[in-house]
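Have a look at the structure below, then the notes.
What follows is calculated from the coordinates using simple rules that are stated; it is not laboratory data. Owing to the predicted nature of the structure, the values given are computational and were not obtained by experimental measurement. As a convention, Cβ positions derive from the backbone with ideal geometry for all residues, glycine included, and neighbour counts pool all protein chains shown.
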Amino acid sequence: DVIDQNRVLVDGPLTGVPRQEYRLNNLHLTKYRIKFPFTAPTRIVRKAWTESDLKAQWKVSPWSVKAQNICK
């Protein structure tokens with residue numbers, strides 16, 4: 001959710017990221033998107049995340065592959 005022009009609310013229920021306010025300057029936006037209702041609780045975000053299979057899409061993305069190769 002967007003709080004204002006500089007801050008957003010992030011939540012990563014399957015990645016261990018707790019729900020928190022985050023500055024846009026510290027984020028890298030990607031083309032991947034999950035749709036769920038505005039101000040949805042974490043359980044709704046978790047359900048939408050698992051239904052979208054975002055983790056599998058991310059693993060085959062060029063950005064993820066590059067990051068994995070750097071870590072090797």
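Structure notes:
- Compared with the dominant Cα axis of the chain, that is its longest principal axis, helix 42-52 is turned about 40°.
- Shown here: the range 4-72, whose C-alpha atoms stretch 37, 29, 21 Å along the first, second and third principal axes, sorted largest to smallest.
- Sparsely packed loop sites in the range 1-71 (the trypsin sites (Lys or Arg not before Pro) outside DSSP H, G, I, E and B with at most 11 other Cβ atoms within 10 Å) comprise Lys31, Arg33, Lys35.
- Under a model in which nothing but the beta-carbon of Lys, Arg (+1) and Asp, Glu (-1) is charged, the range 7-71 shows a dipole of about 60 debye around its Cα centre.
- Lysine pair count for the chain (Cα-Cα distance under 14 Å; residues 8 or more apart in sequence or on different chains): 4.
- The relative contact order of the chain comes to 22 percent, based on Cα pairs under 8 Å that sit 6 or more residues apart.
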